[in-house]
Each structure stands twice: as structure tokens, then as C-alpha cells.
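Here the structure comes first, spelled out in C-alpha cells, and everything after it is commentary.
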Amino acid sequence: MTQDPILSVRGLQIRFGLRGRTLHAIRDIDLDLYRGEVLALVGESGSGKSVFTKSFMGLLDANGSITGGSIDYYPTPGCVPLHLAALKTEKEWLAVRGREIAMVMQDPMTSLNPLKTIGEQITEAVTLHQGLKGAAAREKTLEYLRDVGIPDPELRYKQYPHEFSGGMRQRVVIAIALACNPKILLCDEPTTALDVTVQAKILELINQIKEQKNLSVIFITHDLGVVANMADRVNVMYAGKIVETGTSEEIFFAPAHPYTWALLSSMPDLHTKERLLAIPGTPPNMIYPPKGDAFAARNQFAMRIDYEQEPPMFKITETHAAATWLLHPQAQNNHIEMPASLKARIERMKRSGAVNG
């Protein structure tokens, strides 16, 4: 991984029109994706993770639009960026979608055409994005099937999606994404519908492909445990904003935002008999964005200012920052610290070496 960004987002705002009302889905987000890294976007359902990344490919619903900010894509180091937020037509997006930035969706059954063979669907991407036809396209398709670990690819080439298991279907979806020869791979909860053992194999496959193809990966998940061993950096999202960003070690071993504390505390832990923590309440209705910190109503450590004023990003280290008033110098007098149970959990994680470092 280098500190050379391949994708740079600044001040991004996305809104949806809903029967005369406005949903504020993404609120003033800044993000950099570096070449060769795995960046995790973590947060509850409804936090804006998928909407945010779909904007990189022009896949927002018809009632959604980018209302502010920029998305700059750098195909090669030091080149003039392509301003993705400025693209309007489908023709403009087709130059980016797939061949530069590809996506692996969370449910392969809705991503694959049940009426076409697996071979036909991968070959379609090979022909469209690589210009190969006939025997050359077939051979390239078989190569991708081998790359993603599908046994007996000649036989599997002729089969339909319903003849594959869930894990194998997800491997096919990854093969289709790879057939586009992208530089950035967006993985939108690709292991959600899979059991734990298959999940681990898919994560390992994504990591292997990232190394082999020199890809930059954005991995979207609601489960911090899924990305512990593969992410280089983690961005925690809540209510359409990034509330904490840092390296995997910083997020797992030195979390600063109460929402990150809550996510870590809600992860299953086989080494304790303590009751699993559930985050109280529900995320706010973003048709009516809250005045202060969006997490305040669910935050047991909230102070009066959290209900009155939105916190800025406070810099902790060169790579770590969090948007919480707890980091303000005046808040230190309140002596608010992360829960003792979470401190104990972090110590266990450190000893087990369960985090990518």
C-alpha cells in the first residue's frame, strides 16, 4: 500500500427526494482510498455505506443526487483526475463502471441471471470490457473461474446459478467483477448471506485477488469482526457521516468514538460469559437530521453539547481522528472513559493477534 490516493472524496453530500421531503443520506464526507489498500466502511444498516459507494459508479436511484462535494478518481499516479461527481450521462459512466471501478454485491442470487449459464455471464463481461470473442473469451472465462477457486471450471461453465451453492455463486460474482479488469473493487457486504466457514474463505479469496491484481478495495460491512484480519484502515460511519477513521490497530485497540465503542462491544466474544451488548434505540430519521451529534440520543456518555452542536473531527494521530466532543480539551474534566468491559476485550484481542497490523 502506498500513500498515493486512487480515489479522493471531499465534502460529499447526497440527498434523496421522497414525496416532497428530502432525505440527507450522505453529509459532508471526506475520504481517501490509497493504491493497494483495503479500506473498510463499517456501520449499522442505514448509515449510508452502500449509497456512498454507489455514487462512485453512478448507481444512485433516480430520486437521488449528489448535491455537493467532489469525487476524484486517479487512474494512474499523478494524472489529472476524473471528476466522477460531474458525470451525468450513462455513456460517461460506462467508461468508469466495471472497467475502472467494479462492485461485488451482497446477494449473488439477485446479481446473477437465472436464465443464463455461468459461462455466458462471465464471458459477457470479458467481451464487453476486454474485447475478446469466441475461443479466446471462453478460455479467459475459464481462467477467471480457476482464479476464484471454482473446481472443474469446464463443467461449471455450462451450469446455471441454481446449481451452485451460496459460496460458489459469490465466487462467480467476484469472477465477473474481475473480468472487467478494474483498479478499484467495491465489496458491499459480500459475506452477509454466507455461513461462517464459507465467509472466511471468501474473505481470504478477496485478499488473495487484491494482492495478485494489485487492486484497491473498499469493503462495506456492519460487522467489525469481519474486517479485523483484512482491512488496512477502517472508517466508521453513522447517519451519513464518517465519525471515526484510523488504521485497523487504532480502531480496534484505541477506539475514541462512543459509537465505535458500542460496535466493538456488540461483537460476539467466545472468551467471556458477559451478556452481549446491544446498542439502544435506532438510528435517526435523516429526513430530519439531528441538530447536534447524530449518535447523542443513543449515547450513554453524551454531554449537553452533543445535543446542541455537531462535533468536528478531532485529530488524534496522523492517521487517527474521531468526531466526538469527548476529545475536546474541556471534556477531559468529565473523566469519561471507555467501559472497563471493552478495555478487557481489547486486551484479549491484542493477545490473540486477531487484528491486521
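Each value in this text was obtained by applying a stated rule to the coordinates, not by laboratory testing. What you are looking at is a predicted structure, and each value in this text was computed from that prediction instead of being measured. No Cβ is skipped: glycine too gets one built from the backbone with ideal geometry, and neighbour counts run over all protein chains shown.
Observations on the structure shown:
- Computed about its Cα centre, the charge dipole of region 299-347 is approximately 120 debye, with only Lys, Arg, Asp and Glu carrying charge at their Cβ.
- Take each peptide in 133-143, 66-76, count the other Cβ atoms within 10 Å of every residue, and average; sorted highest first, the result is 66-76, 133-143.
- Listed peptides 207-213, 5-11 by packing density, highest first (mean Cβ within 10 Å): 5-11, 207-213
- The length gained by stretching the chain between ARG351 and ALA136 to full extension, at 0.36 nm per residue less their Cα-Cα distance, is 72.4 nm.
- Charges were assigned to the Cβ only: +1 to each Lys and Arg, -1 to each Asp and Glu. The resulting dipole of the chain about its Cα centre is roughly 460 debye.
- Cα gyration tensor shape of the chain, rounded if a/c is under 1.5, else prolate or oblate by comparing a/b with b/c: prolate
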